[in-house]
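Enquirer: Structure provided below as structure tokens; questions to follow.
The values are calculated or read from the model by the stated rules, or taken from the named source; none is laboratory data. The structure displayed is predicted, hence computed values, not measured ones. Here the Cβ positions follow ideal geometry from the backbone for every residue, glycine too, while neighbour counts run over all protein chains shown.
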Amino acid sequence: MPGNDKVAIIGHRGARDLWPENGLDGFRRTRALGIEGVEFDVHPSRDGVLVVIHDPTLERTTDGRGLVTEKTAAELAATKLRDGSGEGVPTLDAVLDVFAGSGMELHIEIKTDADGKLYPGLERQLLDVIAQRGLEDSAILTCFNTRALEIVRGIAPRQRVLASVNQRSADAMGGLPAALDRLDAIDGCLVAVEKGLLAGNLDFCLQRLGRDRLGAWVPNEPADIAAWLTRPVRQITTDRPDLALEQRRRLTVSLRGD
């Protein structure tokens, strides 16, 4: 994973500004880019199969309607992604097959239901998949809900975890300092902070967490990406990993004086 002088590039929902988010074709293309990691989102289907889609509802990203949990995995597979090439909502197993042997970090987000509540047992189900596939070194379970990460660590104390933080989630924990207090109690927990919140609190976050635990999301414009690539963070999570790769190459050339 990232070396001491290299900011890792993580593709957000695959690379949602390049191709339909959380689709298998996009994941294949994301793998081919040669970035360090990919982020995607997991919900359970009605029949208990883990599927990869961001929202708890289907309307925004597919031609379907209703809750993800109201559909079976087969029904979701037949529910077409918007602006896609006819593919449907993929299972987690199918997505993991795409990245098998890639060496990429897999940032698997534990999603909540339409009421913002955790799905009972989802953490253990994900941990079982990680163990069955031998992904302990590459999988990182992520969530905005800190309780989910605490549940993960209660089951698997060595599982790598990452907390996503924005102003809303920080406020829910009593503000950014209180949020970092709680997250710091989860040993080694990575923290990805929304870029606007992090920009105004970078020194504070670095003092509390250190560079190797801190990330920024989600810079997408070339200048913004370039700026974050020069800051002391572990990673950036971006909808345009192609631009991030180009900016990182330019910065590398500039530093070498070529």
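Enquirer: If I ask for residues that are in contact with a strand residue (DSSP E or B) (Cβ under 9 Å, 6 or more places away or on another chain), closer than 16 Å to D113 by Cβ, of a type outside the set (V, I, T) and assigned to a helix (DSSP H, G or I), which ones from region 27-81 would you list?
Expert: L76
Enquirer: Of the conditions (1) out of contact with any helix residue (DSSP H, G or I) (no Cβ under 6 Å at 6 or more places or on another chain); (2) surrounded by fewer than 22 Cβ atoms within 10 Å (Cβ to Cβ), L50 clears all except one; give me its number.
Expert: Condition not satisfied by L50: (1).
Enquirer: Just to be sure, is R82 in contact (Cβ under 8 Å) with a residue 40 or more places away in the chain, surrounded by fewer than 17 Cβ atoms within 10 Å (Cβ to Cβ), more than 21 Å from E221 (Cα to Cα) and of a type in the set (K, R)?
Expert: yes
Enquirer: Here's another thing I want to ask about it. Scan region 132-149 residue by residue and report those that are in contact (Cβ under 8 Å) with a residue 12 or more places away in the chain and either assigned to a strand (DSSP E or B) or out of contact with any strand residue (DSSP E or B) (no Cβ under 9 Å at 6 or more places or on another chain) (or both).
Expert: E136, A139, I140, L141, T142, C143
Enquirer: Go through A244, A178 for me and flag whichever is small (G, A, S), surrounded by 13 or more Cβ atoms within 10 Å (Cβ to Cβ) and farther than 18 Å from E39 by Cα.
Expert: A178
Enquirer: Take region 226-241 and flag every residue that is over 17 Å from G34 (Cα atoms) and not basic (K, R).
Expert: Passing the criteria: A226, A227, W228, T230, P232, V233.
Enquirer: With the requirement that a residue be in a loop (DSSP other than H, G, I, E, B) and either polar (S, T, N, Q) or under 13 Å from P90 (Cα atoms) (or both), what does region 15-26 give you?
Expert: Hits for region 15-26 are P20, E21, N22, G23.
Enquirer: Could you tell me which numbered condition S85 fails, if it satisfies all but one of (1) of a type outside the set (F, W, Y); (2) at pLDDT 95 or above; (3) touching a helix residue (DSSP H, G or I) at 6+ places or on another chain (Cβ under 7 Å); (4) part of a loop (DSSP other than H, G, I, E, B)?
Expert: (2)
Enquirer: Can you name the residue in region 89-132 that is under 16 Å from the mean Cα position of the chain (by Cα) and acidic (D, E) and, of all such residues, is farthest from N145 (Cα to Cα)?
Expert: Ranking the qualifying residues of region 89-132, first place goes to E105.
Enquirer: When you scan region 163-172, how many residues do you find that are surrounded by 16 or more Cβ atoms within 10 Å (Cβ to Cβ) and in contact with a helix residue (DSSP H, G or I) (Cβ under 8 Å, 6 or more places away or on another chain)?
Expert: The number of residues fulfilling the criteria is 5.
Enquirer: Among the candidates R248, R213, which residue alone is basic (K, R) and within 22 Å of I186 (Cβ to Cβ)?
Expert: Values: R248 fails: within 22 Å of I186 (Cβ to Cβ).
None of the others qualify; the one that does is R213.
Enquirer: Something else: When region 10-48 is examined, which residues are found to be of a type in the set (A, V, I, L, M) and over 18 Å from A139 (Cβ atoms)?
Expert: Step one: filter region 10-48 for residues of a type in the set (A, V, I, L, M), giving 10, 15, 18, 24, 32-33, 35, 38, 42.
Hits for region 10-48 are A15, L18, L24, A32, L33.
Enquirer: I'd like to verify a number: residues in region 173-187 that are of a type in the set (A, V, I, L, M), touching a helix residue (DSSP H, G or I) at 6+ places or on another chain (Cβ under 7 Å) and closer than 16 Å to L206 by Cα, how many?
Expert: Qualifying residue count for the region: 4.
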